[in-house]
Amino acid sequence: MTATTVRVVPRAEPVKAPSRFRSFQTYVALILVAGVLLIPVVWLLITALKANTEYLSYPIKFFPSVARWDNYVEVFTPAFYFLPHAWMTLFLATVFSTLTVITSSLCGYGFARYRDVAANSKLFTLIVAMIIVPSIVTIIPSFMIFAKVSLTGTYWPWVLWGLAGSPYHIFLFRQFFLTFPKELEDAAEVDGCTPLGTFWRIFLPNAKAALATSFILNFIGVWGDWITPRIFLKNSNTTLGVLVNTIFTNPQGQLLTTLTIAGIVIYTLPVVLIFFIGQRYILKGGLAGR
């Protein structure tokens, strides 16, 4: 008989759950950090309720003596042109985001489902390389090109940028569509569906997370952009982000600071609402795009 050797495998130690005291310390630290980060926001909300003379008074009072909720009403006074510029910004952000989502999703679908094409990998490498190029690098050459064809001062640059797609969002849709099983495409082809019909009827309806993520990120990017509208647009049709700090003045040309702060609060509300409504889509789209 031959002796058999028995190999003893060490038993894995059970993972210890974090103690209640450590969890308590973590929550306290997070609450303290959140409280520090909220100080500027609280100061902004409280200052928006002050009178302009009270804001300029010394010594500084943190709380207003009388809360002036009328500041939020005066923001929409026709003399300040807040509402027209808000509608312009909403229109521009919506058009750009919609066009970018359509073109980027179509390009991402092509890169994901036609990987056997010889130029696919080279073009996709170029797309990925364009992600690391800061937009500020191309803003002056873009301005010179659009100035040559007399498109500065209009919304056409955003339309053309939207039709060209976004490298990051093309990458996002490509990674998202790679998770779709090949059988879906084969079944659609058997039923006589064209590649464009497959994209429109099967892939897009099942890509709500990526679509919402792309739209929200593009919308926030245009809504909060200051440099590009400042260079390409005129004061008469520029976005609210450019003028929100300058349009609230009295007849003598002095800045009404508390009205400006109230306008800033209203200006940030759409972005905050969109983020909280679509944050679960942003999370799903970001995880699926890895």
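For the chain, what does the alpha-carbon gyration tensor say about shape, rounded, prolate or oblate, given a ≥ b ≥ c as the root eigenvalues, a/c under 1.5 as rounded, and a/b over b/c as prolate?
Judged from the Cα gyration tensor, the chain comes out oblate (a/c at least 1.5, b/c at or above a/b).
Let's test the formula: R0 of 35 Å, r as the Cβ-Cβ distance of F76 and I131. What FRET efficiency results, to the nearest 0.05?
The calculated FRET efficiency here is 0.30.
Using only the Cα atoms of the stretch 49-208, what semi-axes does the equivalent ellipsoid have when each is the square root of 5 times a gyration tensor eigenvalue? Give whole Å, largest first.
Output for the stretch 49-208: semi-axes of 46, 22, 17 Å.
Once you compute Rg and the Kirkwood Rh from C-alpha atoms, what is the Rg to Rh ratio for the stretch 52-143? List each step's numbers first, then the result.
Working: Rg = 24.4 Å, Rh = 18.9 Å.
With Rg and the Kirkwood Rh in hand, the quotient comes to 1.29.
Using just the helices of the chain, give the 222 nm mean residue ellipticity in deg cm²/dmol: DSSP H runs with n ≥ 4 each add -39,500 (n - 2.57), and the total is spread over all residues, rounded to 500.
After summing the helix terms and dividing by the residues of the chain, the value is -20500 deg cm²/dmol.
How much accessible area per residue does the chain have, counting only protein heavy atoms and a probe of 1.4 Å, in square angstrom?
Ligands and nucleic acids excluded, the figure is 65 Å² per residue.
Once whole DSSP H runs in the chain are found, which of them have Cα atoms spread over 30 Å or more along the helix axis and a mean Kyte-Doolittle score of at least 1.6?
For the chain, where a helix must reach 30 Å along its axis and average at least 1.6, the hits are 20-47.
Among 125-137, 72-84, how do they line up from the highest to the lowest mean number of other beta-carbon atoms within 10 Å?
In descending order of packing, they fall as 72-84, 125-137.
Which percent of Cα-Cα pairs in the stretch 201-290 sits in each 10 Å bin, short to long?
15, 33, 27, 17, 6, 2, 0
Which whole number in µm²/s is D for the stretch 162-203 by Stokes-Einstein, with the Kirkwood Rh taken over Cα pairs at 10 °C and 1.306 mPa s? It would help to have the intermediate numbers written out before the result.
Working: Rh = 11.4 Å.
The calculation lands on 139 µm²/s.
For the stretch 59-71, what does the Karplus curve 6.51 cos²θ - 1.76 cosθ + 1.60, with θ = phi - 60°, yield as ³J(HN,Hα) per residue in whole Hz, taken in order and with x for Gly and Pro?
So the Karplus estimates, Gly and Pro as x, are x, 6, 9, 6, 9, x, 5, 9, 6, 9, 6, 5, 4 Hz.
Using a probe of 1.4 angstrom, how much of the accessible area of the stretch 201-278 is carbon and sulfur, in percent?
On the way: 2380 of 3650 Å².
So the carbon and sulfur contribution to the accessible surface is 65 percent.
The values are calculated or read from the model by the stated rules, or taken from the named source; none is laboratory data. Nothing here was measured: the structure is a model prediction, and the numbers come from that model. No Cβ is skipped: glycine too gets one built from the backbone with ideal geometry, and neighbour counts run over all protein chains shown. Ligands, DNA and RNA are excluded from the accessible area calculation, which covers all protein heavy atoms including side chains. Shrake-Rupley method; radii C 1.70, N 1.55, O 1.52, S 1.80 Å.
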